[in-house]
Each structure stands twice: as structure tokens, then as C-alpha cells.
Amino acid sequence: MSTALVITSSALGETSVSNQLVQDAVTGLRAQDPSLRIVTRDLGSAPIPHITMDAAAALRGAEPANAAQAEAQALSNELIAELKAADTVVIGAPMYNFGIASTLKTWFDYVLRAGVTFRYSESGPEGLLKGKRAIVIESRGGLYSEGPAQAMDSQEPHLRTLLGFIGITDVTFVRAERLAFGPEAREQAIGAARRVIQSEFLRAA
Ligand SMILES: Cc1cc2nc3c(=O)[nH]c(=O)nc-3n(C[C@H](O)[C@H](O)[C@H](O)COP(=O)(O)O)c2cc1C
């Protein structure tokens, strides 16, 4: 049985474009594999705590010296176990101030762990979570895939780096952009993203 880990990070709940498109992706995955096991993490409605000094110590592999360190290590272990168990990872990533939501960044802070999800070897860093597929839904008010704002996109390159660093290199990015350019542009953007999601699943079927 295959497993999909579905991570959403919009603060906007049901009105979120990325949340809606993530649901489309999940529907597509389910249609492909009705027995698919789905594990969800909605970081928008249930954010995880930012990294503190205790959390940093615990994530670097120290034996927990207090309750806060034990808690941080347990959370990291839980999030990494969810990720390791997943064959496919679906991520909803709204653009906030040119990057990803801090809730999603924090999730990566707990998941990128030396000796656990990546390691340093003589030839440099090596990702340890190989063989997974990721589908990343990006929602943005502006246009960043082309034109003058392209250089301001700290969302997609960052996500590619974070995922690649832990060995997830099979990544499909689905962009819903120009969402703030008026109702027509918004509808077009959502429709286009939906079609990309559908064609992605038709291609993979
Ligand atoms: C706090 C905040 C910051 C934002 N920053 C940007 C930005 O830098 N660039 C941009 O194009 N859109 C920005 N937006 C617009 C969102 O990317 C857009 O509304 C998108 O639909 C949000 O995704 P969601 O609908 O899944 O929540 C911002 C929205 C919020 C709430």
C-alpha cells in the first residue's frame, strides 16, 4: 500500500487556493490508487513551534537534557517518520513575502536533520530520503515564473533546495500565480493549475 503525506501551510483555511489545489492533487492520487493511505499535516491551522535553543540542541543529536529538548526531539522524530513512510509528498505552499510561509519553513527546520535525513560525506552533503516523489502547489499573488519579478522568487528555488538536500529530487511544481491581478486572472490561474494537476496524473497513470 502506498502512502501520501499531504502538508498544507496556508493560513486561509477553506478559502486558500493552495489548500483547494492540494485537494485536487489528492483526488488525482486517490483515483490512481484507491487504497492510497493519506497522512495530513495542516501547518496553517496547527502550526508547530519555532526552533528554540533547546530544540536546536535536540535536533543536533544531543541526548535531551530537559523536557523542552525531549519534546522537540519527539516532534522531529514524528515528522520525519511521517515523511519517511511516504511514497509521495504533496505540499501546499503559498507565497508570503516572496518566500514560503514560516509554518512550512519550521516544518523543514524539524525535518532536515544531519545523520537522519541527510549526511555529510567526503564528497559533500547527501540526501538520505531517496526514491520519493513530491508535488508542490505554489500560490502567489504576482507573476514570478517569467518577467521582471522572476529574481524575487525565493519560494520555488528554496523549496527545490530544501527537498533536494534530503534527497527528494523528483519534484513537480504546480504554480497558481497572478492571483492578485483581478478576478479574471485569478480564475484563469486556478483553472490552469487544475489542468496541470490533471495532466500530471494522466501522464503518471
Ligand atoms: C502575509 C502574506 C504575504 C504575501 N506575500 C506575497 C508576496 O510576497 N508575493 C505575492 O505574489 N503574493 C503574496 N501574497 C499573496 C498570496 O501569495 C496569495 O494570496 C496566495 O493565494 C496565498 O495562498 P493561499 O490562497 O493558498 O493562502 C501574500 C499573502 C499574505 C497573506
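The values are calculated or read from the model by the stated rules, or taken from the named source; none is laboratory data. Because the structure is a prediction, the values reported are computed rather than measured. Because the Cβ atoms are built from the backbone with ideal geometry, glycine has one as well, and the counts that use them run over all protein chains shown.
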Leading residue by the ranking (nearest to Leu128 (Cα to Cα)) among those in the range 84-102 that are among the hydroxyl-bearing types (Ser, Thr, Tyr) and within 11 Å of the ligand (Cβ to nearest atom): Ser102
Members of the range 129-168 found to be surrounded by 14 or more Cβ atoms within 10 Å (Cβ to Cβ), more than 12 Å from the ligand (Cβ to nearest atom) and farther than 22 Å from Thr103 by Cα, listed by number: Lys132
Tally of residues being closer than 27 Å to Leu12 by Cβ and β-branched (Val, Ile, Thr) across the range 110-158: 4
Leading residue by the ranking (nearest to Glu14 (Cα to Cα)) among those in the range 56-78 that are surrounded by fewer than 21 Cβ atoms within 10 Å (Cβ to Cβ) and in contact (Cβ under 8 Å) with a residue 24 or more places away in the chain: Leu75
Number of the exception - Asp109 against (1) among the acidic types (Asp, Glu); (2) closer than 21 Å to Gly44 by Cα; (3) within 16 Å of the ligand (Cβ to nearest atom): (3)
Test for Asp24: is it modelled with pLDDT of 95 or more, farther than 20 Å from Gln155 by Cα and within 15 Å of the ligand (Cβ to nearest atom): yes
Filter result for Arg41 (basic (Lys, Arg) and within 16 Å of the ligand (Cβ to nearest atom)): yes
Qualifying residues in the range 169-205 (those that are in a strand (DSSP E or B) and within 14 Å of the ligand (Cβ to nearest atom)) - the one farthest from Ala134 (Cα to Cα): Ala176
